[in-house]
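Structure first, commentary second.
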Amino acid sequence: MLPHLRVLIVEDSEDDTLLLVRELRRGGYTLNYVRVDTADGMEAALNQQSWDIVIADYSLPSFSGLEALKLLLRRKLDLPFIIVSGTIGEDIAVAAMKAGAHDYLIKGNLARLVPAVERELREAKERYKRHSAEQAFQESEDRFRTLCSSAPLAIFQTNDQGQVTYINPLWYEISGLSEKESLGYDWTQAIHPNDRSEVVENWQQTVSQQSTWVREYRLLTCQNEVRWVRALASPMYSTEGRFLGHVGTVEDITDRKQTAQKIYEQAALLDISIDAIAVRDLENHILFWNKGAERLYGWTTAEVLGKNAAELLFKSRQPSPPFLEIQSILAKDDKWQGEFHQVTKDGRDIIVESRWTLMRDEAGNPKSILTISTDITQKKQLEAQFLRTQRLESLGTLASGIAHDFNNILTPILAIAQLLPIQLPNLDENTQQLLRILEDSAKRGADLVQQILSFTRGVEGSRSIVQVRHLLSDVAQVALRTFPKFIETKTDINPELWTVFADATQLHQVLMNLCVNARDAMPDGGILHISAENLWLDENYATTVHVDAKEGSYVAIAIADTGIGIPPEIMERIFDPFFTTKEVGKGTGLGLSTVMGIIKNHSGFVTVNSEIGKGSCFKVYLPSREVTETKAVIDAELPNGNGELILVVDDEVSICEIAKTTLESHNYRILTASDGIGALALYAQHMDDISLVLLDMMMPVMDGASTILMLQRMNPKVQIIAMSGLMSYESPAQKKSFGIREFLAKPFTAQVLLNTLHKVLG
């Protein structure tokens, strides 16, 4: 089936146009066409759509086929172009073909039209394929050269005769030659005379065998400088399997060669290094041991010379390094780098970052291995603390989302439980008791949400000046009264302990969680030791204590036990939410994660040390601050309104309804909206009458922040009280930035709601 054609016909005769169209349709084509007879008409048609072929009358009253052809060429449109004419001489036809036409026809002999169209369409398709292939090849070549120009190695390409056809700019830096000199230069002349014959012979063998070539040799630059290079070349083949030449790299290894040559000679100077530097033979026996190695591992040089490093530095229960694989890499690359768990003379576990270099003799044969090891134990611990913090923040984000929805559910439950006794004063005692149970359960649910959020940064309770000494004394008394008698409680608390600015309830929860964990770690008895001291961390020391530590004054609280200890393999997970080693039903896994979250939210940090069979010590660092204590004022009676109109906006219908019922029962008029768009519409309609907007911060379509911005544009003096189940807008700075007068954390009681409205409107 022939394709559908889009034909642009340049013709002033409608009848001749119909003859052309009829001939094409008789040839089997379906088509749509446009007839034009002026330059403007042709321009408009070309702008309107794309075309498959152009058929043009040679002569028109105000236009011509040749002018139409020139118009196409100016626009760089490669379309099949056929000229037709009632009378056309051979000289005119030749001129038209030279101008760029693809064929010409006599109007009286249109039998050639369909074959001419078919031929030109085929040739146009072939031209397109060739152009696409050439363009793809050019783009590939451009990408290759762009990549090579920024490569860290010198890259070269040769033809099948071994002649250099391309080399990237880095070669000019290595050799000192220009591009012209490099491409026109016999590259073998750059090889050092002492290495030239051997390298050239080896290269010629590689070219004849068409195999991969790797060689290290000395290069003599045009400035007569000697440089060591490592050259690699791989053969290239066409898709038909024909050998095209080589592509390869040249790496300047002068520094590495010079370093390897000097290391052993300068070994005596390496004793001042803080790194552990050693030289071992190929059987892993220690030949050299610097002072840095003595400081790190604890063994003196006399104790280790001739000893097997694997037996000395690695515990039998730990997997040994893959020495065979490392030696294989060294044989290939002359260097290796990685991390090891090792052990010191006194049995202390450490983590080292080790760099190995293969030493060769003058003949190039391997003779020994140089190792430089750096103690990264503390770095790894700080990284683990950082990753643990990231995990907690991710889980905190999830918990915050759940808490928002849960608090939206609790808000109407708590409000209804408080509202029903007021609206129905004659309820029997049993029903009143049920409502009190309902209210208490809703409050406990809200407290549970707060506990879950305690290991995130999103919760900040009521804070004041706290003397931690009193909290510690209280916790110690609880332990004495409630813990088993075979657990002895001891305290060592500085009587002049500094104060902290904190939430006393949350700190009490932290201390109790740690003491309960200490109790559970001593099933056969032991000593619970509670201590606290004032501590100043300078900038240098702070960075070694914890990733979150900053310079300043701290109250340091330690809860230690003499229990079973924490296995090293789970130490990194103990602060993860829901991780527990206790039996099912005896632990939630939220204790330590809550501790971490609360202390982190107080700008502090927690460290832990533990040894199997000897016990654990959790140390809490809280920054000490001098601030003025503030006291909250609690209204005894529920205030009433004065008929003010309040706009309540929340996507939870139940919250809108309970807020409306509560406020209307205390002399307020209420409008409600379920989203930001509806709120804007109501505010625009009642702007002069609305006294205050009670607005949820988390709504679909248009959130609270966007709604506040639009309301403030409508009325810069609009009074706004925000609501949220996340408590993320509570700080004064955030309230000021949003233009919020007050903030209500869900779930809230009727008393809190009415007191807040009274405060803002009063």
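Could you identify the single residue in L448, L453, L427 that is modelled with pLDDT of 80 or more and either buried (at least 17 other Cβ atoms within 10 Å of the Cβ) or within 25 Å of F748 (Cα to Cα) (or both)? Lay out the reasoning, then the answer.
On the way: L448 fails: modelled with pLDDT of 80 or more; L453 fails: modelled with pLDDT of 80 or more.
Of L448, L453, L427, the one residue that is modelled with pLDDT of 80 or more and either buried (at least 17 other Cβ atoms within 10 Å of the Cβ) or within 25 Å of F748 (Cα to Cα) (or both) is L427.
Anything in the stretch 472-504 that is farther than 23 Å from M522 by Cα and surrounded by 14 or more Cβ atoms within 10 Å (Cβ to Cβ)? List them, or say none.
The answer is N494, L497, W498, T499, V500, F501, A502, D503, A504.
For (1) hydroxyl-bearing (S, T, Y); (2) touching a strand residue (DSSP E or B) at 6+ places or on another chain (Cβ under 6 Å); (3) more than 25 Å from S603 (Cα to Cα); (4) not assigned by TED's automatic domain parsing to the domain that holds V478, each residue gets a yes or a no:
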| position | (1), (2), (3), (4) |
| --- | --- |
| P495 | no, no, no, no |
| V510 | no, no, no, no |
| A518 | no, yes, no, no |
| D524 | no, no, yes, no |
| W536 | no, yes, no, no |
| V547 | no, no, no, no |
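In the stretch 652-672, which residue that is assigned to a loop (DSSP other than H, G, I, E, B) and modelled with pLDDT of 90 or more is farthest from I598 (Cα to Cα)?
Among residues in the stretch 652-672 that are assigned to a loop (DSSP other than H, G, I, E, B) and modelled with pLDDT of 90 or more, the one farthest from I598 (Cα to Cα) is N667.
From T254, T259, which residue is surrounded by 15 or more Cβ atoms within 10 Å (Cβ to Cβ) and closer than 27 Å to I277 by Cα?
Selected residue: T254, the only one of T254, T259 that is surrounded by 15 or more Cβ atoms within 10 Å (Cβ to Cβ) and closer than 27 Å to I277 by Cα.
Kindly check whether there is at least one residue in the stretch 119-130 that is part of a helix (DSSP H, G or I), in contact with a Lys or Arg (Cβ under 8 Å, 6 or more places away or on another chain), assigned by TED's automatic domain parsing to the domain that holds R22 and over 16 Å from L19 (Cβ atoms).
No: the stretch 119-130 contains no residue that is part of a helix (DSSP H, G or I), in contact with a Lys or Arg (Cβ under 8 Å, 6 or more places away or on another chain), assigned by TED's automatic domain parsing to the domain that holds R22 and over 16 Å from L19 (Cβ atoms).
Would you point out the residue of the stretch 85-106, among those that are hydroxyl-bearing (S, T, Y) and modelled with pLDDT of 80 or more, that is surrounded by the most Cβ atoms within 10 Å (Cβ to Cβ)? Can you show your working first?
To start, the set of residues in the stretch 85-106 that are hydroxyl-bearing (S, T, Y) comprises 85, 87, 104.
Then keep just the ones that are modelled with pLDDT of 80 or more; that gives 85, 104.
Working: S85: 19, Y104: 22.
The qualifying residue surrounded by the most Cβ atoms within 10 Å (Cβ to Cβ) is Y104.
Rundown of residues vs (1) in a helix (DSSP H, G or I); (2) among the hydroxyl-bearing types (S, T, Y); (3) surrounded by fewer than 18 Cβ atoms within 10 Å (Cβ to Cβ), yes/no style:
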| position | (1), (2), (3) |
| --- | --- |
| R519 | yes, no, no |
| I527 | no, no, yes |
| S531 | no, yes, yes |
| V547 | no, no, yes |
| I557 | no, no, no |
| I570 | yes, no, yes |
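Out of the residues in the stretch 304-326 that are modelled with pLDDT of 80 or more and part of a helix (DSSP H, G or I), which is farthest from the chain's Cα centre (by Cα)?
Among them, the one singled out is V304.
With the requirement that a residue be more than 29 Å from L330 (Cβ to Cβ) and either in a loop (DSSP other than H, G, I, E, B) or in contact (Cβ under 8 Å) with a residue 24 or more places away in the chain (or both), what does the stretch 360-386 give you?
Of everything in the stretch 360-386, those that are more than 29 Å from L330 (Cβ to Cβ) and either in a loop (DSSP other than H, G, I, E, B) or in contact (Cβ under 8 Å) with a residue 24 or more places away in the chain (or both) turn out to be L382, A384, Q385, F386.
Which of the residues spanning the stretch 552-595 are at pLDDT below 75 and among the hydrophobic types (A, V, I, L, M, F, W, C)?
Hits for the stretch 552-595 are F578, F579, V584, L590.
Give the residues of the stretch 88-121 that are touching a strand residue (DSSP E or B) at 6+ places or on another chain (Cβ under 8 Å) and farther than 17 Å from L24 by Cα, sorted by residue number.
Answer for the stretch 88-121, where residues must be touching a strand residue (DSSP E or B) at 6+ places or on another chain (Cβ under 8 Å) and farther than 17 Å from L24 by Cα: I88, I92, A93, A96, M97, G100, A101, H102.
Report, by residue number, each residue of the stretch 279-303 that is surrounded by fewer than 20 Cβ atoms within 10 Å (Cβ to Cβ) and part of a loop (DSSP other than H, G, I, E, B).
Residues satisfying the conditions are D281, L282, E283, N284, G298, W299, T300.
Farther than 18 Å from I83 by Cβ and in contact (Cβ under 8 Å) with a residue 24 or more places away in the chain: which single residue out of E23, E43, E67 fits that description?
After ruling out the rest, the residue left standing is E43.
Looking at V475, V500, can you tell me which residue is closer than 19 Å to N601 by Cα and either among the charged types (D, E, K, R) or in contact with a helix residue (DSSP H, G or I) (Cβ under 8 Å, 6 or more places away or on another chain) (or both)?
V500
Per-residue answers, yes or no, for (1) in the same structural domain as D275 (by TED's automatic domain parsing); (2) of a type outside the set (A, V, I, L, M); (3) over 30 Å from S610 (Cα atoms):
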residue: L324; (1), (2), (3): yes, no, yes
residue: I329; (1), (2), (3): yes, no, yes
residue: D334; (1), (2), (3): yes, yes, yes
residue: H341; (1), (2), (3): yes, yes, no
residue: T374; (1), (2), (3): no, yes, no
residue: L382; (1), (2), (3): no, no, no
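Restricting attention to the stretch 33-40, does a residue exist that is modelled with pLDDT of 90 or more, of a type in the set (A, V, I, L, M, F, W, C) and buried (at least 20 other Cβ atoms within 10 Å of the Cβ)?
Within the stretch 33-40, one or more residues are modelled with pLDDT of 90 or more, of a type in the set (A, V, I, L, M, F, W, C) and buried (at least 20 other Cβ atoms within 10 Å of the Cβ).
Those residues that are at pLDDT below 80 and either more than 20 Å from F243 (Cβ to Cβ) or not in a helix (DSSP H, G or I) (or both), I need them from the stretch 180-219; list them, please.
Across the stretch 180-219, the qualifying residues are K180, E181, S182, L183, G184, Y185, D186, T188, Q189, A190, Q210, S211.
Could you please find all residues in the stretch 233-258 being assigned to a strand (DSSP E or B) and small (G, A, S)?
If the condition is that a residue be assigned to a strand (DSSP E or B) and small (G, A, S), then A233, S234, G245, G248 are the ones that fit.
Within the stretch 1-79, which strands (runs of 3 or more DSSP E) (wholly inside it) include 3 or more residues that are more than 22 Å from E126 (Cβ to Cβ) and not charged (D, E, K, R)?
Result: 30-36.
In the stretch 373-407, how many residues are of a type in the set (S, T, N, Q) and at pLDDT 80 or above?
So the answer is 4.
Can you tell me which residue within the stretch 42-72, out of those that are in contact with a Gly (Cβ under 6 Å, 6 or more places away or on another chain) and among the aliphatic types (A, V, I, L, M), is nearest to V7 (Cα to Cα)?
The extreme case among them is A56.
The values are calculated or read from the model by the stated rules, or taken from the named source; none is laboratory data. These figures come from a predicted structure and were not determined experimentally. FYI the Cβ positions are ideal-geometry reconstructions off the backbone, even for glycines, and counts take in every protein chain you see.
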